[in-house]
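To keep things clear, I will list the structure first and then write my remarks on it.
The values are calculated or read from the model by the stated rules, or taken from the named source; none is laboratory data. Model, not experiment: these values are computed from the prediction. Backbone-built Cβ (ideal geometry, glycine too); neighbour counts: all protein chains shown.
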Ligand code: NAP
């Protein structure tokens, strides 16, 4: 990418601004966006609330945190040199290794000099008169910029449960997403875990290895499937390095950018024996294949979904000795894959340990947290530690923690009152020059693949603006409407959208998130990129460029 000349055509000249671009967040998105904009010759600053780079992988240091995507499909693909330099040691990398990787990237590309850590952005206001953004940090300092790029992640604002007495507990208490940097011991301790999503499952199976006694408070069970992680030896890694082009080409061809792709056959197009053998094969294979590489209709056809759900239920019954416990672990209110499938390693076997107890809080609800532990409708449990694996104010939550105001002082919160509305998940009408990486209604899936696409698309748009002496990009309302309609159409008929989860905008702990919304784009990444590519090829007509 050639450096572009940033024009001074705007009422407030470039020289008068502190920066050409401010990026919020130094996670996978922010790091790559910084690099791309630097390549364009822009003066860029990243504000990051943590003390280091890594975003999700900086914050989520909870025990057992690791990829559910194949490591070698998850890393950045933009630098062949980086790909050849970095050795993954496990097929599904544990968090400490991923954090080391992101630090390596930051060092390799000398990114830290433009990142200001311990800097939480509290406000971002568009100034109409001068056509620039004014960013306010928690310390009160203000910074002006032409472009504002949010790289704040869809799952970065943790939520505590709305349970009375949460602050009264006298023992140790942690939310998984704000886990301490120092080692935490579970040995001999009575530990409680609340929450059984992908995070809770990873935490539980790790804590169970050393805990004194573990009690799991489960509100809704999830359909989990085996991860089948293994080490990568030197020779295998060398082989992977030779196949990177092929691996990333494969990710480009699949629905959600994983290496797994939907099987073209329908569930009922094969014999029952073939079907069973295929399910067995998927259950025995590493990664998301059972979810992302299953028959094409398991997430749209109720009968098909019931069959795979029955199959996984049988596996749970086989793996859990106490059948009463097994029944509690089998979801009854949603089918397999209609929520994000947690991948597990001996998760179900944890419930066979004599020092592990499952409490179904739909049967015996939590009444309050007490100084000693957790009081349900029938017992008061005493604990040394409570772990909250209670999830995030997903997708929109992190935006709403910042006072973002566009033209005429309109707040983003107001603009998204009825649910998020965006242009290709990147822009919001009335918020000129604000670009979102992994914003609502963009393609998610194997996240770094989607991030790289988003980042490059934004960099291309900014480059185009520089070349054409344009200083303001504002998505046209009709473009936002068209994209929102496309998001709606892409989600039609998907069983996923009939189920409560963060993917449908639900969080019982957040005011106003009790009604399902069109929270995410559930079409294919291929279709997403085709739409965005067409916008770029057509000279960005969907965006008001002035
Ligand atoms: P989550 O899926 O939203 O799960 C939160 C859990 O806490 C649920 O079991 C929920 O129960 C429970 N909960 C929330 N509030 C509660 C309350 N007041 N009382 C009792 N239980 C309560 O959050 P997560 O597990 O952190 O995962 C979020 C997403 O992060 C995942 O879906 C995934 O996309 C991502 N993630 C990725 C990885 C990876 O790649 N390896 C690992 C972890 C997470 P209900 O279901 O009843 O609401």
Problem set entry | Selection within the range 261-273 - in contact with a helix residue (DSSP H, G or I) (Cβ under 8 Å, 6 or more places away or on another chain), loosely packed, with under 15 Cβ neighbours inside 10 Å and part of a helix (DSSP H, G or I) | 268
Exercise. For residue 239, are the conditions met, namely being at negative phi and surrounded by 15 or more Cβ atoms within 10 Å (Cβ to Cβ)?
Worked result: no
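Table: residues versus (1) assigned to a loop (DSSP other than H, G, I, E, B); (2) touching a helix residue (DSSP H, G or I) at 6+ places or on another chain (Cβ under 7 Å).
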site	(1), (2)
247	no, yes
259	yes, yes
275	no, yes
278	no, no
Problem set entry | Hey, residue 299 at pLDDT 95 or above, part of a helix (DSSP H, G or I) and in contact with a helix residue (DSSP H, G or I) (Cβ under 6 Å, 6 or more places away or on another chain) or not | no
For this session: Consider only pairs whose beta carbons are under 8 Å apart and that are at least six residues apart or on different chains; among these, list those whose first residue lies in the range 336-355 and is farther than 18 Å from residue 283 by Cβ and within 16 Å of the ligand (Cβ to nearest atom) and whose second residue is in a strand (DSSP E or B) and modelled with pLDDT of 95 or more.
Result: 350/214; 350/356; 351/358
Exercise. Taking the range 456-470 as the search range and keeping residues that are over 19 Å from residue 34 (Cα atoms) and touching a strand residue (DSSP E or B) at 6+ places or on another chain (Cβ under 8 Å), which one is surrounded by the most Cβ atoms within 10 Å (Cβ to Cβ)?
Worked result: 470
Exercise. For the range 490-521, which residues satisfy the criterion of being away from the ligand (no atom under 13 Å from the Cβ) and closer than 17 Å to residue 297 by Cα?
Worked result: 490, 491, 492, 493, 494, 495, 497, 498
Problem set entry | Residues of the range 356-369 that turn out to be farther than 15 Å from residue 190 by Cα, away from the ligand (no atom under 12 Å from the Cβ) and touching a helix residue (DSSP H, G or I) at 6+ places or on another chain (Cβ under 7 Å), as a count | 0
Problem set entry | Test set (1) farther than 21 Å from residue 28 by Cβ; (2) modelled with pLDDT of 95 or more - residue 97 fails condition number | (1)
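Results for (1) under 28 Å from residue 288 (Cα atoms); (2) part of a loop (DSSP other than H, G, I, E, B); (3) at pLDDT 95 or above; (4) touching a strand residue (DSSP E or B) at 6+ places or on another chain (Cβ under 9 Å), shown as yes or no for each residue.
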position	(1), (2), (3), (4)
144	no, no, yes, yes
155	yes, yes, yes, yes
167	no, no, yes, yes
173	no, no, yes, yes
191	no, no, yes, yes
196	yes, yes, yes, yes
203	yes, no, yes, yes
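Which of the helices (runs of 4 or more DSSP H) found entirely inside the range 59-142 contain at least 3 residues meeting this: touching a residue at least 60 places away in the same chain (Cβ under 8 Å) and more than 23 Å from residue 340 (Cα to Cα)?
Correct list: 80-85, 95-108.
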For this session: Show the residue pairs that are 6+ apart or on different chains and have beta-carbon atoms under 9 Å apart, the first residue being within the range 216-231 and touching a residue at least 12 places away in the same chain (Cβ under 8 Å) and more than 20 Å from residue 326 (Cβ to Cβ), the second being assigned to a strand (DSSP E or B) and more than 11 Å from the ligand (Cβ to nearest atom).
Result: 229/90; 230/90; 231/90
For this session: Among residues belonging to the range 377-401 that are within 16 Å of the ligand (Cβ to nearest atom), in contact with a strand residue (DSSP E or B) (Cβ under 7 Å, 6 or more places away or on another chain) and in contact (Cβ under 8 Å) with a residue 40 or more places away in the chain, point out the one that is nearest to residue 441 (Cα to Cα).
Result: 392
For this session: Identify all residues within the range 280-291 that are surrounded by 15 or more Cβ atoms within 10 Å (Cβ to Cβ), assigned to a helix (DSSP H, G or I) and without any contact (Cβ under 8 Å) to a residue 60 or more places away in the chain; write none if there are none.
Result: 282, 283, 289
Exercise. Is at least one residue of the range 154-165 away from the ligand (no atom under 12 Å from the Cβ) and surrounded by fewer than 22 Cβ atoms within 10 Å (Cβ to Cβ)?
Worked result: yes
Problem set entry | Where residue 217 falls short, out of the listed (1) surrounded by 13 or more Cβ atoms within 10 Å (Cβ to Cβ); (2) more than 11 Å from the ligand (Cβ to nearest atom); (3) not in a helix (DSSP H, G or I) | (2)
Seminar exercise, completed: If you go through 315, 332, 321, the only one that is part of a loop (DSSP other than H, G, I, E, B), within 30 Å of residue 272 (Cβ to Cβ) and away from the ligand (no atom under 16 Å from the Cβ) is 321
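Are any of the residues in the range 116-128 modelled with pLDDT of 95 or more and within 14 Å of the ligand (Cβ to nearest atom)?
Within the range 116-128, not a single residue is modelled with pLDDT of 95 or more and within 14 Å of the ligand (Cβ to nearest atom).
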For this session: Give the residues of the range 394-432 that are surrounded by fewer than 21 Cβ atoms within 10 Å (Cβ to Cβ) and assigned to a loop (DSSP other than H, G, I, E, B), sorted by residue number.
Result: 401, 402, 410, 416, 417, 418, 419, 421, 430
For this session: Kindly list the number of the only condition in (1) over 24 Å from residue 545 (Cα atoms); (2) at pLDDT 95 or above that fails for residue 419.
Result: (2)
Seminar exercise, completed: Matching residues in the range 166-214 (away from the ligand (no atom under 11 Å from the Cβ), more than 18 Å from residue 61 (Cβ to Cβ) and surrounded by fewer than 22 Cβ atoms within 10 Å (Cβ to Cβ)) number 11
